[in-house]
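For reference, the structure discussed in these notes is given below.
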Amino acid sequence: MMWGMQAWSWWGWLAMSVGMIAFWGLVIWAIVAIFRGSGWSGRHPDRPDPERILAERFAAGEIDEDEYQRRLVTLRALDQHPRERQR
């Protein structure tokens, strides 16, 4: 027995199709929302600037002026040659 399933008209098929599209749209939206919120996208949180950290250490007295100048020159040299840093 078919229990009345053969009596569906166009509105039944339309409702079923719209419901299926809405369901899969919701599933895809949920997956995208989870990955965007989890930080999985590979983006790094805002990192402090290395020169700023160095200046703060110098201001706090952790390093002297000679060491500050030497490290500052090194940092700026690395900024000019970013490919060498990735090796």
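Sorting 62-70, 16-24 by their mean Cβ neighbour count within 10 Å, with the most densely packed peptide first, gives 62-70, 16-24.
Here the calculated FRET efficiency for Glu56 and Arg36, from their Cβ-Cβ distance with R0 = 30 Å, stands at 0.35, rounded to the nearest 0.05. Relative to the current alpha-carbon distance between Asp66 and Leu14, full extension at 0.36 nm per residue lengthens the span by 11.0 nm.
Just so you know, all these numbers are worked out from the coordinates, no wet-lab data involved. Keep in mind it's a predicted model, so treat the numbers as computed, not measured. Cβ sites come from the backbone with ideal geometry, for glycine too, and all protein chains shown count toward neighbours.
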